[in-house]
Amino acid sequence: MKETILDVRNLQVEFTGESKIVKAVDGISFELHRGETLGIVGESGSGKSVTSLAVMGLIQNPGRISGGEIWFHPQNNGAPINLVELPNEQIQLHRGGDIAMIFQEPMSSLNPVYTIGFQITEAILQHQNVSASEARRVAIARLQEVKLLPSDEALRQQYIETWNQTSFASSTIDAQKIAQLVKQHKEAILERYPHQLSGGQLQRVMIAMAISCNPLLLIADEPTTALDVTVQATILDLLRELQQRRDMAMIFITHDLGLISEVADKVAVMYRGKIVEYNSAEQIFSNPQHPYTKGLVACRPTLNRHPQKLLTVSDYMNVKETPTGDLVIQEKQPEQPVEVTTEEINQRLQILEQQQPLLQVRDLKVGFPIKGVFGGTKRYFMAVNSVSFDVKKGETLGLVGESGCGKTTLGRTLLRLIEPMSGQILFEGQDITNLKGKALQKLRLQMQIVFQNPFSSLDPRFKVGEAIAEPLVIHSIGKTKQQRRERVVYLLERVGLSADAMNRYPHQFSGGQRQRICIARSLALNPKFIICDESVSALDVSVQAQVLNLLKELQDEFGLTYIFISHDLSVVKFMSDRILVMNRGEIVEQGTAESIYREPKEEYTQKLIASIPTGSAERVRQRQVRAS
């Protein structure tokens, strides 16, 4: 058994509210050894992040650690330290040095007014007795280690190749000049600001900062949530590689059990502040014991099955709260969803093929101007480049691709929220490309959108009832206020919320409930066509399953036509009849959902499919074999 790095015993963290004390972490215990990865999984509010903040000594008022111990074993076999008893000044000696953390959202974790070089070297200077120049050298080495920068030798070869391709090819290569160019290239990355880097690059900066002082323990709190599946796979590979090379202990926090199968040796499943199951990763996937764990494993869509609906956590358990605040969990045996057969899928596709197109897009182009040196428009960045496709009535067309491929721009252009440069958009045979004024407003009755972030798409000053009724008022639907109220109540109940929700504000709802409100609002005008733009990517997997099931039910009930936009091919496959794959503003592949998965023709599509975490015991075993 390797040496113990962290030993958490009966940890309790509570927050004082206006009316009661909330136990965010309620008596959890676990151990972590050198070179080992513990996955902590659970839905939002389960206590995962609070646990990590407690280990880092970052719990602030109105929160406090009310009980338990956190024993950390420092380097060189020093005496164990109970982090709970340390004053903040002494915890700072370990935080960022021996214990480091990668936060969920790198853009909000990095200071936008400082260069990344300043922010990485600041951590090094804080914990290591080195000069400023040595700190910059270490910062560059860490950026190379996380592969944000090529190695010195790779950079040297790049410049030699460039030299040979220029007019200098006939002259002898100047080694001193090449060395100077390599040094300038490495220094230049340190002078860039966070906004000048992509999401994946920023996450690499965060990882470089975390490992800059050679920590014994690395905590990764939802480090891939905001990233595309391909970038996510790259970051997971990088974390595994760094951990094995440095023999670090790691805590990996996520709400997605699929990701846990890619990294964890042991798994702690958290529910409402408690660890309800604690076992090896292989056992968690092959033989889960707790109903909550079973629900989490089952609710994620998979690429190789075709259920009519997804199971959710509520299918596996009932939860009741006693007068004293204790939870009583009753296990349920869910009825397994009916599998859709290949014949049924083909029959549906044949029926859709006979339908008239609801939407036709012809050679659509959308560009954003790039200003020249003197302020004039020098050229355009083509976000959507010569795109053509049809959407049949009653169909769900999936649109998949990485961030920046043009998915969202295309979706908003179809609704005329962004003006196209050229091309045609036909809705029910009518050219809507140049509609304006009242004609465009009338079109809004038929076309709606559900945005990615439900909180930012709801006005925090409006009660939910007012938000849903607003489109009814704008389009003069419902003769009286009472009729509109009845319509709002019906919509809320249809998406699984009660009429009482009308009088509450968006901040009083969970993320999944807010997305249901946004769906209710999109249905207010009885549209024929809805664009779902990454509408489940910000949700927990169990809440995501509920929303996906709801969207399918609503489609059957109201005869809706969807364009479903996502970077997650497993979600798109579950929802879609056909799929378009976008890359760099162009459609690179299209076909039925099954053919895209079974026989992807393009390398880009193959890469997307290969990046999807499967979340299975077999996947855990494959990873362990590769590691050994």
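Is there a residue being modelled with pLDDT under 95, touching a Pro at 6+ places or on another chain (Cβ under 7 Å) and within 22 Å of Gly591 (Cβ to Cβ) anywhere in segment 327-334?
For segment 327-334, residues modelled with pLDDT under 95, touching a Pro at 6+ places or on another chain (Cβ under 7 Å) and within 22 Å of Gly591 (Cβ to Cβ): absent.
Within segment 466-488, can one find any residue that is open to solvent by 20 Å² or more (accessible area, probe 1.4 Å) and touching a residue at least 60 places away in the same chain (Cβ under 8 Å)?
There is no residue in segment 466-488 that is open to solvent by 20 Å² or more (accessible area, probe 1.4 Å) and touching a residue at least 60 places away in the same chain (Cβ under 8 Å).
Cβ contacts < 7 Å: first residue on the phi > 0 side of the Ramachandran plot, restricted to segment 494-514; second residue open to solvent by less than 30 Å² (accessible area, probe 1.4 Å) and of a type outside the set (D, E, K, R), any location; separation 6+ or different chain. Result?
Note: pairs meeting the criteria are Gly496/Leu550.
Quick one: which of Thr324, Thr408, Thr413 is hydroxyl-bearing (Ser, Thr, Tyr), open to solvent by 90 Å² or more (accessible area, probe 1.4 Å) and either closer than 30 Å to Gln606 by Cα or at pLDDT below 90 (or both)?
Only one candidate qualifies: Thr324.
Give segment 27-77 a look and list any residue that's in contact with a helix residue (DSSP H, G or I) (Cβ under 8 Å, 6 or more places away or on another chain), in a strand (DSSP E or B) and of a type in the set (S, T, N, Q), or say none.
Passing the criteria: only Thr37.
Can you tell which of Val22, Val130 is without any contact (Cβ under 8 Å) to a residue 24 or more places away in the chain and out of contact with any strand residue (DSSP E or B) (no Cβ under 6 Å at 6 or more places or on another chain)? Spell out the reasoning first.
On the way: Val22 fails: out of contact with any strand residue (DSSP E or B) (no Cβ under 6 Å at 6 or more places or on another chain).
Answer to the selection: Val130.
Restricting to segment 1-19, give me the number of residues that are open to solvent by 10 Å² or more (accessible area, probe 1.4 Å) and either in contact (Cβ under 8 Å) with a residue 24 or more places away in the chain or in contact with a helix residue (DSSP H, G or I) (Cβ under 8 Å, 6 or more places away or on another chain) (or both).
Of the residues in that region, 12 qualify.
Keeping to segment 162-201, report how many residues are farther than 12 Å from Leu143 by Cβ, modelled with pLDDT of 85 or more and either surrounded by 13 or more Cβ atoms within 10 Å (Cβ to Cβ) or of a type in the set (Val, Ile, Thr) (or both).
Here the count works out to 2.
So which of Glu428, Glu402 is over 21 Å from Val572 (Cα atoms), out of contact with any strand residue (DSSP E or B) (no Cβ under 6 Å at 6 or more places or on another chain) and in contact (Cβ under 8 Å) with a residue 24 or more places away in the chain?
On the way: Glu402 fails: over 21 Å from Val572 (Cα atoms).
Selected residue: Glu428, the only one of Glu428, Glu402 that is over 21 Å from Val572 (Cα atoms), out of contact with any strand residue (DSSP E or B) (no Cβ under 6 Å at 6 or more places or on another chain) and in contact (Cβ under 8 Å) with a residue 24 or more places away in the chain.
Out of everything in segment 127-160 that is more than 24 Å from Gln180 (Cβ to Cβ) and surrounded by 15 or more Cβ atoms within 10 Å (Cβ to Cβ), what residue ends up being farthest from the chain's Cα centre (by Cα)?
For segment 127-160, the residue satisfying everything is His127.
Which helices (runs of 4 or more DSSP H) does segment 78-161 wholly contain that include 1 or more residues that are under 24 Å from Ile65 (Cβ atoms) and in contact with a Gly (Cβ under 9 Å, 6 or more places away or on another chain)? Show your work before the answer.
On the way: elements: 88-94, 106-109, 116-127, 132-145.
Because the criterion is at least 1 residues that are under 24 Å from Ile65 (Cβ atoms) and in contact with a Gly (Cβ under 9 Å, 6 or more places away or on another chain), the helices (runs of 4 or more DSSP H) in segment 78-161 that meet it are 88-94, 116-127.
What number of residues within segment 601-610 are in a helix (DSSP H, G or I), over 18 Å from Met575 (Cα atoms) and without any contact (Cβ under 8 Å) to a residue 40 or more places away in the chain?
So the answer is 3.
Identify all residues within segment 421-444 that are hydrophobic (A, V, I, L, M, F, W, C) and open to solvent by 80 Å² or more (accessible area, probe 1.4 Å); write none if there are none.
Just the residues of segment 421-444 that are hydrophobic (A, V, I, L, M, F, W, C), to begin with: 421, 425-427, 432, 435, 439-440, 443.
Scanning segment 421-444 gives a single hit, Met421.
Only one of Glu419, Glu402 is within 22 Å of Ile474 (Cβ to Cβ) and not in a strand (DSSP E or B); which?
Numbers: Glu402 fails: within 22 Å of Ile474 (Cβ to Cβ).
Exactly one of Glu419, Glu402 is within 22 Å of Ile474 (Cβ to Cβ) and not in a strand (DSSP E or B), namely Glu419.
Restricting segment 327-359 to residues that are open to solvent by less than 80 Å² (accessible area, probe 1.4 Å) and charged (D, E, K, R), which is nearest to Val543 (Cα to Cα)?
Here is the first cut: in segment 327-359, the ones open to solvent by less than 80 Å² (accessible area, probe 1.4 Å) are 327-329, 332, 334, 337, 339-341, 345-346, 349, 352, 355, 357-359.
Narrowing the set further to residues that are charged (D, E, K, R) leaves 332, 339.
Details: Lys332: 18, Glu339: 21 Å.
For segment 327-359, the residue satisfying everything is Lys332.
In this structure, does Ser537 turn out to be of a type in the set (Ser, Thr, Tyr), within 19 Å of Gly512 (Cα to Cα) and either within 23 Å of the chain's Cα centre (by Cα) or open to solvent by 60 Å² or more (accessible area, probe 1.4 Å) (or both)?
Here the answer is yes, as Ser537 does meet what is asked.
Taking segment 214-239 as the region of interest, how many residues are within 25 Å of Ser570 (Cβ to Cβ) and assigned to a strand (DSSP E or B)?
Step one: list which residues in segment 214-239 are within 25 Å of Ser570 (Cβ to Cβ), which gives 220-239.
Now drop any that are not assigned to a strand (DSSP E or B), which leaves 220-221.
The qualifying residues number 2.
Exactly one condition in (1) farther than 20 Å from Phe564 by Cβ; (2) assigned to a helix (DSSP H, G or I) is not met by Leu497; state its number.
Among (1) farther than 20 Å from Phe564 by Cβ; (2) assigned to a helix (DSSP H, G or I), the lone unmet condition for Leu497 is (2).
The values are calculated or read from the model by the stated rules, or taken from the named source; none is laboratory data. Just so it is clear, the model here is predicted, and its values are computed rather than measured. No Cβ is skipped: glycine too gets one built from the backbone with ideal geometry, and neighbour counts run over all protein chains shown. Accessible surface areas use protein heavy atoms only, side chains included; no ligands, DNA or RNA. Shrake-Rupley method; radii C 1.70, N 1.55, O 1.52, S 1.80 Å.
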